[in-house]
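S.K.: This is the structure, below, for whatever I ask next.
The values are calculated or read from the model by the stated rules, or taken from the named source; none is laboratory data. As the structure is a computational prediction, the values presented were derived from the model and not from experiment. Cβ placement follows ideal geometry from the backbone for every residue including glycine, while neighbour counts extend to all protein chains displayed.
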Amino acid sequence: MRKTKAILRAQGIKKVFKTNENSDFLVLDHIDLSLNNGEIVALLGKSGSGKSTLLRILSGLSDPTHGTVYWDNQPISGPIKGMSMVFQNFALLPWLTVLQNVMLGLDSEPLTEQERLTRALKAIDDVGMDGFESAYPRELSGGMCQRVGLARALVIQPRVILMDEPFSSLDILTAENLRADLMDMWRKKEKALEAILLVTHNIEEAALLADRILIFSSNPGQVASEIKVDITGLRDESNPEFRMVVDKIYQHMSQTQQIQKKKGAFKKATPINHRLPSSSVSEVLGILEALETNSVNETIELATFGEEHGLDADDLFAIMEVMEILEFAHIRKGKIKLTSEGVSFSNANIQMQKKIFATQLLTHVELAMYIVKKINKAQNKIIEKDDIFKKLETYFSEDVAEEIFLTIIEWGRYAEVFAYDADLEQLTLEDVG
């Protein structure tokens, strides 16, 4: 049995980015975590919460604004020898063959050409890609490309592998197959590999692979809670212990969402500096229809609901956050319950739904109120996109500001609260053309 020595440790990590308006955008705050010898740790949270940023800091590819990362109890100051990464998008060079892509990982190693070749061929064989050495990435499926990415990570014989959502862009069967192969390699313990840190937004994936699960909150990114996974027997749907872990994760994530709402200190309206989830109106409508409830007293298990409707945690919790923001539902301890407004909305006809949505939007979303107020104050009742965009950029990066802008535009259009002309980049209170 392996020792539980901390190989990688982060202490007091904070990361701040400057927005275009030179304001501070806090991405990560007060993060403490450790990765111990002999364990797989999953970092589970929503997309855009800063998980990938944290991974870059832990790998030494990016510096924290505050805090320190330790490798074998020594502070790091750059990329770490003995650590490799596997990316979501494969990151293979298209002009190189499979063998050349894998050998690329050994460029900084003091090895002879023959030693590099031997190592690369062994890594390719280990991931089941023997026979494809001369193939180019364009000739491979997504799953095969990810196997090459894994071989490139393994070829340096790392002690630690950081994996950034490595299975999220693959189809379900391919992802399951790759996860199984990864666990086979891990259990054999034939390599120098001592620990794996896996970033994911897939709850079942975290429960399948990890010894510990760190629940990551957002706005800013923080480790909100930890779940230790101790499952006897197979980790699959047939094992009641596995189901209990999955349910526990849903409970922790819903509690994290509630804590974030309280920390934001907004009871009535979500402030402009809160990052709105980029869920569409159609997704919210679909969830409300799927809930099929006529009672404010009826509660539904999130885990069961998500699985029945094929929703991963990222999509599910983003939509649930919208429903909480608009006061259509409340989430407590892994269960969802519609409010009276949510029940009224789900039972209303299309026009009445729009009216209810508009009321909730202008009552509970400060950005929508701000836009309407700006339009009303404008002499010709027209404002430019830039008027709103500059406001968002005082709190967010350009990419995030654009995402939030597009989201609020869709919500406002659906509710017929304001209209937006994408060609002129102008907002008005009603559609004039």
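S.K.: Can you give me the ranges of the strands (runs of 3 or more DSSP E) entirely in the stretch 16-131 with at least 3 residues that are within 30 Å of Ser254 (Cα to Cα)?
M.R.: On the way: elements: 24-36, 39-45, 66-71, 83-86.
Correct list: 24-36, 39-45, 66-71.
S.K.: I'm trying to understand the selection: among the residues of the stretch 388-402, which are surrounded by 18 or more Cβ atoms within 10 Å (Cβ to Cβ) and out of contact with any strand residue (DSSP E or B) (no Cβ under 9 Å at 6 or more places or on another chain)?
M.R.: Lys391, Leu392, Glu393, Ala401
S.K.: Just to be sure I understand, how many residues within the stretch 199-226 are small (Gly, Ala, Ser) and under 13 Å from the mean Cα position of the chain (by Cα)? Working first, answer last.
M.R.: Let us first name the residues in the stretch 199-226 that are small (Gly, Ala, Ser), namely 206-207, 210, 217-218, 221, 224-225.
With under 13 Å from the mean Cα position of the chain (by Cα) added as a condition, the list becomes 206, 217-218, 221.
Residues flagged as small (Gly, Ala, Ser) and under 13 Å from the mean Cα position of the chain (by Cα) within the stretch 199-226 amount to 4.
S.K.: It is to be established whether one or more residues within the stretch 144-151 are modelled with pLDDT of 90 or more, among the β-branched types (Val, Ile, Thr) and buried (at least 17 other Cβ atoms within 10 Å of the Cβ).
M.R.: Yes, the stretch 144-151 has at least one match.
S.K.: Please state which of the following conditions Glu113 fails to meet, knowing it meets all the rest: (1) more than 16 Å from Pro137 (Cα to Cα); (2) surrounded by 15 or more Cβ atoms within 10 Å (Cβ to Cβ); (3) more than 27 Å from the chain's Cα centre (by Cα).
M.R.: Here Glu113 meets the rest and fails (2).
S.K.: With respect to Asn73, determine if the residue is surrounded by fewer than 21 Cβ atoms within 10 Å (Cβ to Cβ) and modelled with pLDDT of 90 or more. Show your work before the answer.
M.R.: Numbers: surrounded by fewer than 21 Cβ atoms within 10 Å (Cβ to Cβ): yes; modelled with pLDDT of 90 or more: yes.
Taking the combined requirement at face value, the residue satisfies it.
S.K.: Shifting gears a bit: Yes or no: Pro94 of a type outside the set (A, V, I, L, M), within 30 Å of Asp399 (Cβ to Cβ), more than 25 Å from the chain's Cα centre (by Cα) and modelled with pLDDT of 90 or more? Write out each step before concluding.
M.R.: Details: of a type outside the set (A, V, I, L, M): yes; within 30 Å of Asp399 (Cβ to Cβ): yes; more than 25 Å from the chain's Cα centre (by Cα): yes; modelled with pLDDT of 90 or more: yes.
When the stated conditions are applied, Pro94 passes them.
S.K.: Restricting attention to the stretch 76-86, report how many residues are over 11 Å from Val148 (Cβ atoms) and buried (at least 18 other Cβ atoms within 10 Å of the Cβ).
M.R.: Within the stretch 76-86, the first condition is being over 11 Å from Val148 (Cβ atoms), and the residues that meet it are 76-85.
Within this subset, residues satisfying the condition of being buried (at least 18 other Cβ atoms within 10 Å of the Cβ) are 76, 80, 83-85.
Of the residues in the stretch 76-86, 5 are over 11 Å from Val148 (Cβ atoms) and buried (at least 18 other Cβ atoms within 10 Å of the Cβ).
S.K.: Report yes if some residue within the stretch 249-263 is at pLDDT 85 or above, of a type outside the set (Gly, Ala, Ser) and either surrounded by fewer than 21 Cβ atoms within 10 Å (Cβ to Cβ) or over 25 Å from Phe305 (Cα atoms) (or both); otherwise report no.
M.R.: Within the stretch 249-263, none of the residues are at pLDDT 85 or above, of a type outside the set (Gly, Ala, Ser) and either surrounded by fewer than 21 Cβ atoms within 10 Å (Cβ to Cβ) or over 25 Å from Phe305 (Cα atoms) (or both).
S.K.: Follow-up question, since we're still on this one. Can you name every residue in the stretch 387-402 that is farther than 17 Å from Tyr370 by Cα and in contact (Cβ under 8 Å) with a residue 12 or more places away in the chain? Step through it out loud before you land on a result.
M.R.: Going residue by residue through the stretch 387-402, those that are farther than 17 Å from Tyr370 by Cα are 397-400.
Result: Ser397, Glu398, Val400.
S.K.: Shifting gears a bit: Restricting attention to the stretch 92-110, which residues are of a type in the set (S, T, N, Q) and surrounded by 15 or more Cβ atoms within 10 Å (Cβ to Cβ)? Spell out the reasoning first.
M.R.: Going residue by residue through the stretch 92-110, those that are of a type in the set (S, T, N, Q) are 97, 100-101, 108.
If the condition is that a residue be of a type in the set (S, T, N, Q) and surrounded by 15 or more Cβ atoms within 10 Å (Cβ to Cβ), then Thr97, Gln100, Asn101 are the ones that fit.
S.K.: Which of the residues belonging to the stretch 157-208 are among the hydrophobic types (A, V, I, L, M, F, W, C) and in contact with a Lys or Arg (Cβ under 8 Å, 6 or more places away or on another chain)? Walk me through it before giving the result.
M.R.: Residues of the stretch 157-208 that are among the hydrophobic types (A, V, I, L, M, F, W, C), as a first pass: 160-163, 167, 170, 172-173, 175, 178, 180, 182-183, 185-186, 192-193, 195-199, 203, 206-208.
Across the stretch 157-208, the qualifying residues are Phe167, Leu178, Met185, Ala192, Leu193, Ala195, Val199, Ala207, Leu208.
S.K.: Which of the residues spanning the stretch 232-246 are within 27 Å of Asp32 (Cα to Cα) and surrounded by fewer than 16 Cβ atoms within 10 Å (Cβ to Cβ)?
M.R.: Once the filter is applied, which keeps residues that are within 27 Å of Asp32 (Cα to Cα) and surrounded by fewer than 16 Cβ atoms within 10 Å (Cβ to Cβ), the stretch 232-246 yields only Met244.
S.K.: Restricting to the stretch 385-417, name every residue that is among the polar types (S, T, N, Q) and touching a Leu at 6+ places or on another chain (Cβ under 8 Å). Before the answer, list the steps.
M.R.: Step one: filter the stretch 385-417 for residues among the polar types (S, T, N, Q), giving 394, 397, 407.
Hit for the stretch 385-417 is Thr407, nothing else.
S.K.: Given the condition at positive phi and of a type in the set (A, V, I, L, M, F, W, C), answer yes or no: does some residue in the stretch 90-106 qualify? If you could, list the steps in order and put the result at the bottom.
M.R.: Step one: of the stretch 90-106, the residues at positive phi are 90-91.
Then keep just the ones that are of a type in the set (A, V, I, L, M, F, W, C); that gives 90-91.
Yes, there is a match, as at least one residue in the stretch 90-106 is at positive phi and of a type in the set (A, V, I, L, M, F, W, C).
S.K.: Okay, next question. Just name the residue that is nearest to Asp24 (Cα to Cα) out of those in the stretch 361-393 that are β-branched (Val, Ile, Thr) and touching a helix residue (DSSP H, G or I) at 6+ places or on another chain (Cβ under 9 Å).
M.R.: First pass over the stretch 361-393, keeping only residues β-branched (Val, Ile, Thr): 363, 365, 371-372, 375, 382-383, 388.
With the extra rule that they be touching a helix residue (DSSP H, G or I) at 6+ places or on another chain (Cβ under 9 Å), the set shrinks to 363, 365, 371-372, 382-383, 388.
Working: Thr363: 28, Val365: 22, Ile371: 23, Val372: 27, Ile382: 30, Ile383: 26, Ile388: 18 Å.
If we take residues in the stretch 361-393 being β-branched (Val, Ile, Thr) and touching a helix residue (DSSP H, G or I) at 6+ places or on another chain (Cβ under 9 Å), then Ile388 is nearest to Asp24 (Cα to Cα).
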